[in-house]
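Each remark here refers to the structure printed beneath this line.
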Amino acid sequence: MEMEGKDYQYLCWLAGIKGISRKKKFALLRAAGEANLFTADPDRTGEDIGRAARILYTAPEQELRFFCGEADAEMPRGRNSLQVLLQERKQEPERIEEELKKAEIRFVAALEERFPQKLKEIPDPPFGIYYKGRMPEENEPAAAIIGARLASGYGREQARRFGRRIGARGVAVISGMARGIDGIAQKAALDAGGQSYAVLGCGVDICYPEENRELYEQLLQEGGVLSEYPPGTFPDARLFPPRNRIISGLSDLVLVIEARRKSGTLITVDMALEQGREVYALPGRVSDALSDGCNRLIRQGAGAATCPEDILEFFFGTGDRDCEKAEENTAGKKGGGKCIEQSAKQSEGKESPEKNTLTLDRRILSVLSREDEKHVERILEELQGDGQNPEEASGMPSLSRVLTCLVRLKIDGRVEETAAGYYRRCGW
């Protein structure tokens, strides 16, 4: 339930003050609030919190000086609270609340009952969260999928695979809506009928990066966009590391798809470990710089995520590996994980005659993407055991046959060799 009462506008006013740190805002509320404000008293309501914020706005200057003195003594770092509050009291709380409503932005403070319990328990919780769309459900399982912005074709492919499969099983995907791994995984989860929530390093009214505008709009309709920063806050490099603690804090598990040895992604991992979250990483080739961070995490004890079922086993005890292929075939169809699982079971062993007669050329085209390249070894792996090669009982054609077909498809203009041994589909 959202906080009720006219005093809520004062809480919105206090949250939007940029000249006072979140920790000092907590201290100011403690100074102005009643004794039970910071206890687990079940009788405490949102109105108690709003009342303390109202006192900070309406108290005579001498009384406000006393509150600020107590807060500054508790949190000596930062600017003098009194001068900042006196300046900010020139604003109109009613107007601030009205602007939030007009922009369809909601705010929930950390002291409110409806604030996510997972965030209440982290070492450094935000003062509050602004959000558009929805907030994650309290008992909703959630996994953070994070990684490099300049991801490789392999990383992009795996981000899509993990996001789609995890989302289809009803596990919310939390990330930062950044270009690369973050945005790809979130888009895949939503397209599979799942839930996804983005934590931004700017205000929730700002789409950053702009190239993810389509994903941003989809999140507003089918998930949520969250931030601890007030609306109108523009992206700034110093704002992104703190927001990472919220990404990991809202999650039960953090999955790293690709990361260099020295990567901002690993900041989130450090925060996740501090919060007691599980960490998994996608293994990669030792010669790939983008896999250095992941391989190092695995050496240090992180779980190796070789397939989405490794993650699903954490949540459900079993990954239902037989359902993966069926769910991937139905990706993009709305309806959620349970319907997809039922569809997979019902269709087991009922392949169409047309699919069984596919030529190797068409099979290769079916596993290639127009967006991301795949190495020939990866193409072989995906063809293995699909049962579509009547000439070979193993279902896996030889490397020479695959290369011959790729050369022919390349001459026909249907595939492109982007680098030695890497191919992607082109044309229609």
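The values are calculated or read from the model by the stated rules, or taken from the named source; none is laboratory data. Note that the structure is predicted; figures quoted are calculated from it, not measured. Every residue, glycine among them, receives a Cβ derived from its backbone with ideal geometry; neighbour counts consider all protein chains shown. Side chains are part of the model used for accessible areas, which takes the heavy atoms of the whole protein and leaves out ligands, DNA and RNA. Shrake-Rupley method; radii C 1.70, N 1.55, O 1.52, S 1.80 Å.
Here are 231, 235: which of them is part of a loop (DSSP other than H, G, I, E, B) and either touching a helix residue (DSSP H, G or I) at 6+ places or on another chain (Cβ under 9 Å) or open to solvent by less than 10 Å² (accessible area, probe 1.4 Å) (or both)? 231 is the lone residue from the list that is part of a loop (DSSP other than H, G, I, E, B) and either touching a helix residue (DSSP H, G or I) at 6+ places or on another chain (Cβ under 9 Å) or open to solvent by less than 10 Å² (accessible area, probe 1.4 Å) (or both). Scanning segment 251-274 for residues being in contact with a Leu (Cβ under 7 Å, 6 or more places away or on another chain) and open to solvent by less than 10 Å² (accessible area, probe 1.4 Å) gives a total of 5.
Those residues that are open to solvent by 60 Å² or more (accessible area, probe 1.4 Å), assigned to a helix (DSSP H, G or I) and either touching a helix residue (DSSP H, G or I) at 6+ places or on another chain (Cβ under 7 Å) or at pLDDT below 70 (or both), I need them from segment 372-399; list them, please. Correct list: 382, 399. I'm told residue 369 meets every condition in (1) open to solvent by 30 Å² or more (accessible area, probe 1.4 Å); (2) modelled with pLDDT of 80 or more; (3) assigned to a helix (DSSP H, G or I) except one. Can you identify the failing condition by its number? Looking at each condition in turn, residue 369 falls short on (3). Checking the stated criteria, residue 112 turns out to be at pLDDT below 90 and open to solvent by less than 30 Å² (accessible area, probe 1.4 Å).
What are the residues in segment 198-228 that are modelled with pLDDT of 95 or more and either among the aromatic types (Phe, Trp, Tyr) or on the phi > 0 side of the Ramachandran plot (or both), if any? 216 - this is the single residue of segment 198-228 that is modelled with pLDDT of 95 or more and either among the aromatic types (Phe, Trp, Tyr) or on the phi > 0 side of the Ramachandran plot (or both). Would a scan of segment 74-96 turn up a residue that is among the acidic types (Asp, Glu), in contact with a helix residue (DSSP H, G or I) (Cβ under 7 Å, 6 or more places away or on another chain) and at pLDDT 90 or above? Yes: one or more hits.
Each residue in segment 255-276 was checked for being part of a loop (DSSP other than H, G, I, E, B), in contact with a Gly (Cβ under 7 Å, 6 or more places away or on another chain) and free of Cβ contacts under 8 Å to residues at least 40 places away in the same chain, and 1 pass.
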